[in-house]
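Shown below is the structure under consideration.
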Amino acid sequence: MANNGRRSVKMKKGPTVGTGGHGRKALEGKGPTPKAEDRPYHKAHKNKQLAERSDAKRGAGRSSGARSGPKGRATEEVVTGRNSVVEALRAGIPAKALHIAIRIEMDDRVKESLKLAAERGIPLLETGKPELDRMTDEAVHQGLVLQIPPYEYQDAYDLAEQTMDRWKKGHVSNAPIFVALDGITDPRNLGAIIRSVSAFSGHGVIVPERRSVGVTASAWKTSAGAAVRVPVARASNLNSALKQFKNMGIYVLGLDGDGDVSLPDLALATEPVCIVVGSEGKGLSRLVRENCDQIVSIPIDSAMESLNASMAVGISLYEVSRQRSAK
């Protein structure tokens, strides 16, 4: 039978020639399924982005990018509200800028704030409400925001060494006196202590780097400007700093109700001293207590459990000053 010009093709059975593995990648999977929050088209991804933006906004409201570093730089802060701003300016708190809302409604507090800022050369910046809201983390600012620069802390060892050297050379008339804080977190206590140290010619305040209060706007305000005159130094480890002080010839005196000696009987008042005060609730920590040369108690009515930390420091500084004046 004729095949009409067509050639018959005989099919070969058995294995055929393959791709040699060249198509293997085409058969591979795309890996594990991404999490919902990592898929751009998923609702969870949008929620994650909103949460990150919200966190960033809150962080920006608390500070302007300054963070605590190895040199002990404090976080930049803002003072908000008309009463708070005018009081801060009256107290002489250092400021980077005074932000004023556009078309702010003037009153006596705003006028005084503008006058004080102008007298001190503080830049006046007219700022929109959305930006003021961002700076203050949506706090009530009443159209006035005072920007506070980070506090420049000294190093505790350097401050003590320099003060002792100046005293030995006769450049400082009174024997050095420092106050160290152990576990105090209330900035108002710090401000009041700075004020007492200034009133009794102290040479500095020592605060630990961790778990301790720093020089905030509230501390500045409570110090009534004394923070300009009294250096605040940071110690990376308070116990190590106290040991170094002792090696320099500075006597470390801890304040505690259960003391070795009563404050009026203190015999070391005329020597270089560092008075250590603990928190009102917990008092001195165990290691700090062990590093003190003496534990000093203030005689008080037995009905009273304890004195406020800043009050205890003020009384102790007065007694030290009194004894020094008597000799």
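The values are calculated or read from the model by the stated rules, or taken from the named source; none is laboratory data. Bear in mind that the values here come from a model prediction, so they are computed numbers and not experimental data. Note: ideal-geometry Cβ built from the backbone for every residue, glycine included; neighbour counts use all protein chains shown. Heavy atoms of the whole protein, side chains included, go into the accessibility calculation; ligands, DNA and RNA do not. Shrake-Rupley method; radii C 1.70, N 1.55, O 1.52, S 1.80 Å.
How do the pairs read when you match residues in region 116-135 that are open to solvent by 60 Å² or more (accessible area, probe 1.4 Å) with residues anywhere that are in a helix (DSSP H, G or I), using Cβ under 9 Å and keeping only pairs 6 or more apart or on different chains?
As it stands, the answer is Arg120/Leu89; Pro123/Ala117; Leu124/Leu114; Leu124/Ala117; Leu124/Ala118; Arg134/Lys57; Arg134/Ala60; Arg134/Gly61, since those pairs meet every condition given.
Taking the residues in region 141-188 that are of a type outside the set (Phe, Trp, Tyr), assigned to a loop (DSSP other than H, G, I, E, B) and within 18 Å of the chain's Cα centre (by Cα) as candidates, determine which candidate is nearest to Leu89 (Cα to Cα).
The selected residue is Pro149.
For residues that are assigned to a helix (DSSP H, G or I) and in contact with a Ser or Thr (Cβ under 7 Å, 6 or more places away or on another chain), tally how many sit in region 189-203.
Within region 189-203, the subset assigned to a helix (DSSP H, G or I) is 189-199.
Going one step further and asking which of them are in contact with a Ser or Thr (Cβ under 7 Å, 6 or more places away or on another chain), we end up with 189, 191-196.
So the answer is 7.
Quick one: which residue in Val207, Val230, Val215 is within 22 Å of the chain's Cα centre (by Cα), under 27 Å from Lys327 (Cα atoms) and outside any helix (DSSP H, G or I)?
Answer to the check: Val230.
A further question follows. Name the residues in region 257-284 that are open to solvent by 40 Å² or more (accessible area, probe 1.4 Å), modelled with pLDDT of 90 or more and either within 16 Å of Asn308 (Cβ to Cβ) or assigned to a loop (DSSP other than H, G, I, E, B) (or both), would you?
Scanning region 257-284 gives Ala267, Thr270, Glu271.
Also, I was wondering about something else. Considering each residue of region 198-216, count those that are touching a Leu at 6+ places or on another chain (Cβ under 6 Å) and of a type in the set (Val, Ile, Thr), and give that number.
Result for region 198-216: 2.
Quick check on my filter: what residues within region 95-115 are within 20 Å of Thr216 (Cα to Cα), assigned to a loop (DSSP other than H, G, I, E, B) and either open to solvent by less than 40 Å² (accessible area, probe 1.4 Å) or modelled with pLDDT of 95 or more (or both)?
Within region 95-115, just Ala95 meets the criteria.
Considering only region 143-157, state which residues are over 19 Å from Ser218 (Cα atoms) and either buried (at least 19 other Cβ atoms within 10 Å of the Cβ) or in contact with a Lys or Arg (Cβ under 6 Å, 6 or more places away or on another chain) (or both).
Scanning region 143-157 gives Gly143, Ala156.
Starting from residues that are outside any helix (DSSP H, G or I) and open to solvent by 20 Å² or more (accessible area, probe 1.4 Å), keep the ones in region 81-94 and report whichever is nearest to Glu152 (Cα to Cα).
As a first pass, look at region 81-94 and keep what is outside any helix (DSSP H, G or I): 81, 91-94.
From what's left, open to solvent by 20 Å² or more (accessible area, probe 1.4 Å): 91-92, 94.
On the way: Ala91: 19, Gly92: 16, Pro94: 12 Å.
Ranking the candidates gives Pro94 first.
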